[in-house]
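Working notes, structure below.
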There are 2 protein chains.
Amino acid sequence: MTISQINKSRHVLINGQPDALISPFDRGFAYGDGVFRTLAVVQGQPEHWLDHYQKLVSDCHALGIVCPSADILLSDIDKLIKVSSKEKPALKEKLEIVVKMVITRGESERGYAMPALAQPNRIVIATDFPSYPEANFVEGVKLHLCSIQLSHQPVLAGIKHLNRLENVIARAEWHDSNMADGVLMDAFDHVIECTSSNIFARFGSELHTPDLSNCGVAGVTRQRILALSETLCLQAKVSHIPLARLMQADELIICNSLFGAWQVRELNQQRWPRLALASQLRALLKSAHAQH
Amino acid sequence: MTISQINKSRHVLINGQPDALISPFDRGFAYGDGVFRTLAVVQGQPEHWLDHYQKLVSDCHALGIVCPSADILLSDIDKLIKVSSKEKPALKEKLEIVVKMVITRGESERGYAMPALAQPNRIVIATDFPSYPEANFVEGVKLHLCSIQLSHQPVLAGIKHLNRLENVIARAEWHDSNMADGVLMDAFDHVIECTSSNIFARFGSELHTPDLSNCGVAGVTRQRILALSETLCLQAKVSHIPLARLMQADELIICNSLFGAWQVRELNQQRWPRLALASQLRALLKSAHAQH
């Protein structure tokens, strides 16, 4: 098998084809007309596959894109896992990789009008798992407070689509590698999310996460935490959270599908004590595995 | 020469290379992290090149992307013109094509962080000139009133970047081929632009076009009309235009770099008499040619 190997840690399949590239007429390239997902593959298994696939289908549906079947995507992922394990046979049992799936509306002529018969393109990419600092899990993380404000677009809110310039610009605001992520607000100083993760704030026995009906990406791990919070005797709430309110939280955590959950240790010159919510959630997120 | 020929009317150069395609790690594809321009080439000459190149440089600059030199882009365009003329020798003198230039930040690893040493990619595409109905120039056009509202993002406003899902969704709102374009408003019912053109409203001797400091694309033809309006004894104004005010205009026109200007005949069940502003502007836009 000669799957496109740009360097040792990157493998790509486009519509199942190794060594394939993207047409400049693909609407994902031309307009960001598509969606994506990023997930962890651990010991040969895509983690929480059903949640991720459901979200991919739902995001595709929101844009009127036909999502490829789970079987087709899983077969692509399986091929990429095989190539990655061959490369690192010593790690075979413990192999952790990141899989990114991109679904675009497909190709069209120039112009915004959607083609009558669009053939969606699927791009599946496997890369090395990031080497997160151990301290992020043990001590928690420091967050930058971003100055760019997320725009309100209810039609696109929640969807992980390919129009991500706001995230790119936000991520360029800090160069301090001690900052694990950056907190994004909207124009009304409501906290929405981080550039690559969602955020939760515990106030007593209530666990709040921002309402994403105007902006932000509703990630799979956020959804799972909302469902799991009861196990920790916490009442999950989706609400509008002004920054001033967030700063009064007893605990803050951020989450995504790769690192699970991290405790927030510092934001905007305020520090939080080292508490246990993130590690409790990581344990829960892991143990809830087997279901999917 | 074997420039990539997907069908008879499309030719592409990527970083000057024919038959090239795009990497899935290109940030234009991954995040819409890039900008573009669309211009007309008439009789072998890119129209209003200086205006377009200046706007491309300015849009690249706004995103921190290094824009390729004018010479490099003009050399790409020249190659594409030569291939297109060879294909249609009978039209050589009159050949009209559309050139789209896309500049992306280049490739990077997964993640929003910009690469320290980004190598921008340039994609230059030549396609057939659209066959606009003659009636659009003579009688004017009918416009759809879009229901999707443009979001406010002052950091990106005015830039012709690759995050164009709002335009895609707006353009999908109508299927009636008698609608030449769709009028877009923001959440405050201010008129901003059309999906593929800018808009002007004449009130007496004042020629207003929407303020684009919160959203919209500040097109080259809009800029040229603002500069040329004095010639028609009109006072150009950039202002906030609520829909209700737009509907009171004596004349409405829409404009872009391909068709020039069209008179608006009908919008939201209101009709305007057949007046001459668009044709006057087309003549002016054409005659101001030679300068560039």
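The values are calculated or read from the model by the stated rules, or taken from the named source; none is laboratory data. Everything numeric here is computed off the predicted structure, so don't read it as measured data. Neighbour counts run over all protein chains shown; Cβ positions are idealised from the backbone, glycine included.
Residue under question is A:MET185, and the condition is that it be within 14 Å of chain B (Cβ to nearest Cβ), at pLDDT 95 or above and more than 21 Å from A:LEU258 (Cα to Cα); does it hold?
yes
Across the range B:83-105, which residue is modelled with the lowest pLDDT among those that are assigned to a helix (DSSP H, G or I) and surrounded by 14 or more Cβ atoms within 10 Å (Cβ to Cβ)?
It comes out as B:SER85.
Where residues in the range B:32-59 are surrounded by fewer than 20 Cβ atoms within 10 Å (Cβ to Cβ) and closer than 29 Å to A:ASN167 by Cα, which of them is farthest from the other protein chains (Cβ to nearest Cβ)?
Step by step, filter the range B:32-59, then rank; the result is B:GLN54.
Determine whether A:ARG171 is surrounded by 20 or more Cβ atoms within 10 Å (Cβ to Cβ), closer than 30 Å to B:THR127 by Cβ and either more than 13 Å from chain B (Cβ to nearest Cβ) or among the basic types (Lys, Arg) (or both).
no
Return the pair list, or none, for Cβ contacts closer than 9 Å from residues in the range B:173-189 that are of a type in the set (Phe, Trp, Tyr) to residues that are crowded, with 17+ Cβ neighbours inside 10 Å and part of a loop (DSSP other than H, G, I, E, B), at least 6 apart or on different chains.
B:PHE188/B:HIS152
Residue check: is A:ILE77 under 27 Å from B:GLY28 (Cα atoms), part of a helix (DSSP H, G or I) and either touching a Phe, Trp or Tyr at 6+ places or on another chain (Cβ under 9 Å) or not hydroxyl-bearing (Ser, Thr, Tyr) (or both)?
yes
Could you run through the range A:139-159 and say how many residues are over 16 Å from A:ILE254 (Cα atoms), in contact with a Gly (Cβ under 8 Å, 6 or more places away or on another chain) and not in a loop (DSSP other than H, G, I, E, B)?
Adding up the residues that qualify gives 2.
State whether the residues of the range A:129-150 include one that is acidic (Asp, Glu) and within 24 Å of A:ALA278 (Cβ to Cβ).
Yes, the range A:129-150 contains at least one residue that is acidic (Asp, Glu) and within 24 Å of A:ALA278 (Cβ to Cβ).
Take the conditions within 14 Å of chain A (Cβ to nearest Cβ), outside any strand (DSSP E or B) and aromatic (Phe, Trp, Tyr) and apply them to B:PHE29. Does it pass?
Considered against the rule, which asks whether it is within 14 Å of chain A (Cβ to nearest Cβ), outside any strand (DSSP E or B) and aromatic (Phe, Trp, Tyr), B:PHE29 comes out as yes.
Filter the range A:106-138 down to residues that are in contact with a strand residue (DSSP E or B) (Cβ under 6 Å, 6 or more places away or on another chain) and not in a strand (DSSP E or B) and give me whichever is modelled with the lowest pLDDT.
A:ARG110
Kindly indicate whether A:SER147 is within 11 Å of chain B (Cβ to nearest Cβ) and closer than 16 Å to A:GLY216 by Cβ.
no
So, in the range B:129-160, of the ones that are hydroxyl-bearing (Ser, Thr, Tyr) and more than 28 Å from A:LEU63 (Cα to Cα), which residue ends up surrounded by the most Cβ atoms within 10 Å (Cβ to Cβ)?
Ranking the qualifying residues of the range B:129-160, first place goes to B:TYR132.
Give the residue, chosen from A:ASN163, A:ASN121, that is crowded, with 22+ Cβ neighbours inside 10 Å and more than 9 Å from chain B (Cβ to nearest Cβ).
Just a single option satisfies the conditions, and that option is A:ASN121.
Out of the residues in the range B:193-215 that are within 14 Å of chain A (Cβ to nearest Cβ) and surrounded by 24 or more Cβ atoms within 10 Å (Cβ to Cβ), which is farthest from the chain's Cα centre (by Cα)?
Among those that are within 14 Å of chain A (Cβ to nearest Cβ) and surrounded by 24 or more Cβ atoms within 10 Å (Cβ to Cβ), it is B:CYS215.
When the residues of the range A:124-141 are narrowed to those that are facing chain B (nearest Cβ under 10 Å) and not hydrophobic (A, V, I, L, M, F, W, C), which ends up nearest to A:GLN269 (Cα to Cα)?
Ranking the candidates gives A:PRO130 first.
Inside the range B:151-160, can you point out the residues that are within 8 Å of chain A (Cβ to nearest Cβ) and closer than 20 Å to B:ASP181 by Cβ?
B:SER151
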